[in-house]
Amino acid sequence: MVDIADTAMVRRASQKDAVAARAPASPGKVAYGPLAAVAAEPWRALAERAIEPNGYYLPEWAHAVNASARGRIGALALSAWNTAAPARLTGLMPVMPMWRAYKIPLPVFVSADPYGTLCTPLLDREGAEDAALQIMRQARQAGAHALILRAVTLDGAAMKAFREELRRDGLRPRLLQSHLRAALDARQDADELLREALGAKKLKELRRQRNRLAEHGTVSFCIARTPNEVAAAAEIFLELEASGWKARRGTALLQDVGDAAFIRRATAGLAETGNCEIVTLRAGEVPVAAGIVLRHRDRAFFFKLGVDERFAKFSPGVQLTIDLTQHLCADPAIASADSTAAPDHPMINPIWRGRLAIGDVLIPLRPRDPVVPLIRASLALRDMIREPARRAVHFIRKRKEKRQDNGQEKPQ
């Protein structure tokens with residue numbers, strides 16, 4: 001495991017409980033409690049001032065996840081408030097106990113899963129380091145020995161604020177795992193970007209496929225923005241996502257009542273604030289691909305994609321992503337887009353050639369705490385046990401899907 005902090009700049013702590021001793025909590029505010037109790041108005045105001053965007057921690061999205069999404073209900077929150085203006089929320093980190101996140105019974109808070117692979121906390125740009133300090137202080141007062149920030153941007157401003165506060169007290173964050181994922185620099189010319197990314201030969205093949213798709217009806221790229229448009233487009237997305245391999249695996253959002261309710265509530269709520277678009281590719285009147293895109297400040301987040309596999313030979317997912325790339329590059333309000341996709345994603349990696357460093361980070365809350373090495377060892381042991389099982393499940397699933405595709409297995 002690698003240290004994030006520059007060890008040359010780390011000094012010894014001046015007192016035993018340095019993190020807890022500084023920056024008292026704002027009077028009259030409960031800084032630790034149920035996420036559902038965090039009011040949307042101060043949360044939304046914080047999101048507007050956030051030092052780093054995260055569409056998955058906008059209140060409309062996170063409250064919807066917390067209300068009904070499968071396995072994600074009942075999250076907690078660590079928050080920070082301005083001492084001079086007690087009604088001003090300056091930091092928010094949705095969390096859950098380590099037992100719930102990893103089934104490891106240790107006193108640790110872990111970033112709550114927002115159903116998108118980004119858990120960067122919201123910190124006020126006018127006091128990001130103080131907000132990070134208050135969050136750590138509240139975690140410690142609640143009995144935690146450490147925080148685990150899952151799926152954070154390692155080079156982002158929020159992580160920098162945590163690093164700086166830890167450095168002042170002789171502490172340093174520990175990198176548990178990291179990977180690179182696809183991102184888009186939307187300030188570039190889209191046509192030039194796509195030529196450089198895909199090359200003339202691939203683009204020619206995609207144009208041929210698009211022309212073949214047009215034989216089924218005029219190909220159009222539609223953008224739903226208003227609440228009514230988004231509500232209708234969300235149903236199309238849910239149906240498409242549940243029409244293919246995700247449905248066969250039982251992981252489609254529409255297959256769980258709570259997941260479907262979360263998507264409907266979250267997309268409609270974000271459409272009210274201008275933070276959500278649903279893009280659809282159609283051949284005539286038939287939707288062949290659809291994707292949900294969140295927007296926060298100058299960044300877009302590509303949540304999920306659903307395609308009609310009957311049109312698979314025309315690469316509808318790729319066609320939609322190319323149109324989305326052109327749409328985002330033409331929008332002066334968007335500087336970048338996070339694919340929020342798995343590392344080495346075979347569809348989007350060749351198109352969006354930018355890369356974001358994403359990782360899980362362990363934040364110690366006390367100097368020389370013997371619990372911290374135990375946390376790291378427990379996570380390493382868990383990964384060692386789970387990896388062979390994960391590979392076996394993956395092998396069995398692929399084999400089963402291959403038999404189904406070949407028509408060799410009767411429906412259950």
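The values are calculated or read from the model by the stated rules, or taken from the named source; none is laboratory data. Note that the coordinates shown come from a computational prediction; the quantities given were computed from them, not determined experimentally. Reconstructed Cβ throughout: ideal geometry from the backbone, glycine too, with neighbour counts over all protein chains shown. Note: accessible area is taken over every heavy atom of the protein model, side chains too, but ligands, DNA and RNA are not part of it. Shrake-Rupley method; radii C 1.70, N 1.55, O 1.52, S 1.80 Å.
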Q: Starting from residues that are open to solvent by 20 Å² or more (accessible area, probe 1.4 Å) and touching a residue at least 60 places away in the same chain (Cβ under 8 Å), keep the ones in the stretch 112-121 and report whichever is farthest from Asp169 (Cα to Cα).
A: Tyr115
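Residue-by-condition table, conditions (1) under 23 Å from Ile334 (Cα atoms); (2) open to solvent by 60 Å² or more (accessible area, probe 1.4 Å); (3) at pLDDT 95 or above:
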{"residue": "Ile236", "(1), (2), (3)": "no, no, yes"}
{"residue": "Trp245", "(1), (2), (3)": "no, yes, no"}
{"residue": "Leu253", "(1), (2), (3)": "no, no, yes"}
{"residue": "Ala268", "(1), (2), (3)": "yes, no, yes"}
{"residue": "Cys276", "(1), (2), (3)": "yes, no, yes"}
Q: Just give me the residues in the stretch 294-311 being touching a residue at least 40 places away in the same chain (Cβ under 8 Å), out of contact with any helix residue (DSSP H, G or I) (no Cβ under 6 Å at 6 or more places or on another chain) and of a type outside the set (Asp, Glu), in sequence order.
A: Arg295, Arg297, Arg299, Phe302, Phe303, Lys304, Phe311
Q | Residue tally, condition of a type in the set (D, E, K, R) and over 13 Å from Ala260 (Cβ atoms), over the stretch 221-242 | A | 2
**Q.** Matching residues in the stretch 122-151 - criterion: being open to solvent by 30 Å² or more (accessible area, probe 1.4 Å) and at positive phi
**A.** Gly143
Q: Run down Arg88, Arg70 and say which single residue is open to solvent by 10 Å² or more (accessible area, probe 1.4 Å) and touching an Asp or Glu at 6+ places or on another chain (Cβ under 6 Å).
A: Arg70
Q | Scan of the stretch 93-111 for residues that are assigned to a strand (DSSP E or B) and open to solvent by 40 Å² or more (accessible area, probe 1.4 Å), ordered by number | A | Pro97
Q: Output the residues belonging to the stretch 93-115 that are within 16 Å of His63 (Cβ to Cβ) and in contact with a helix residue (DSSP H, G or I) (Cβ under 6 Å, 6 or more places away or on another chain).
A: Met93, Pro94, Pro114, Tyr115
Q | Residue that is nearest to Leu133 (Cα to Cα), among those in the stretch 31-42 that are without any contact (Cβ under 8 Å) to a residue 60 or more places away in the chain and open to solvent by less than 40 Å² (accessible area, probe 1.4 Å) | A | Gly33
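For the stretch 295-324, what are the residues that are part of a helix (DSSP H, G or I) and under 19 Å from the mean Cα position of the chain (by Cα)? Let's see the steps before the verdict.
In the first step, residues of the stretch 295-324 are kept if they are part of a helix (DSSP H, G or I); the result is 309-314, 316-324.
Across the stretch 295-324, the qualifying residues are Thr321, Leu324.
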(Q) Suppose we filter Ile292, Ile278, Ile263 for residues that are among the β-branched types (Val, Ile, Thr) and either more than 30 Å from Glu215 (Cα to Cα) or not in a strand (DSSP E or B) (or both); which single one remains? (A) Ile263
Q: Would you confirm whether any residue within the stretch 57-67 is under 21 Å from Ile148 (Cα atoms), open to solvent by less than 50 Å² (accessible area, probe 1.4 Å), at pLDDT 95 or above and among the acidic types (Asp, Glu)?
A: no
Q) Any residue in the stretch 312-326 that is out of contact with any helix residue (DSSP H, G or I) (no Cβ under 8 Å at 6 or more places or on another chain), surrounded by fewer than 19 Cβ atoms within 10 Å (Cβ to Cβ) and among the hydroxyl-bearing types (Ser, Thr, Tyr)? A) no
Q.
Can you find a residue that is closer than 20 Å to His327 by Cβ, of a type in the set (D, E, K, R), touching a Gly at 6+ places or on another chain (Cβ under 7 Å) and open to solvent by 40 Å² or more (accessible area, probe 1.4 Å) anywhere in the stretch 215-229?
A. no
Q. Are any of the residues in the stretch 72-84 of a type outside the set (S, T, N, Q) and within 14 Å of the chain's Cα centre (by Cα)?
A. yes
Q: Please work out which residue is nearest to Met98 (Cα to Cα), limiting yourself to the stretch 342-376 and to residues that are open to solvent by 20 Å² or more (accessible area, probe 1.4 Å) and either hydroxyl-bearing (Ser, Thr, Tyr) or in contact with a Lys or Arg (Cβ under 6 Å, 6 or more places away or on another chain) (or both).
A: Asp360
Q: Please enumerate the residues belonging to the stretch 219-260 that are under 24 Å from Phe314 (Cα atoms), among the small types (Gly, Ala, Ser) and not in a helix (DSSP H, G or I).
A: Ser220, Ala224, Ala242, Ser243, Gly244, Ala252
Q | Residues satisfying the stated conditions in the stretch 127-142, i.e. touching a residue at least 60 places away in the same chain (Cβ under 8 Å) and either small (Gly, Ala, Ser) or under 12 Å from Ala157 (Cα atoms) (or both) | A | Ala128, Ala139, Ala142
(Q) Considering only residues that are farther than 18 Å from Ile358 by Cα, assigned to a helix (DSSP H, G or I) and out of contact with any Leu (no Cβ under 6 Å at 6 or more places or on another chain), which ones fall in the stretch 157-184? (A) Glu164, Leu166, Arg167, Arg168
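Quick one: is Asp308 among the charged types (D, E, K, R) and in contact with a Lys or Arg (Cβ under 9 Å, 6 or more places away or on another chain)?
No.
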**Q.** Residue ID - farthest from the chain's Cα centre (by Cα), chosen from residues in the stretch 280-290 that are under 30 Å from Thr153 (Cα atoms) and crowded, with 24+ Cβ neighbours inside 10 Å
**A.** Ala289
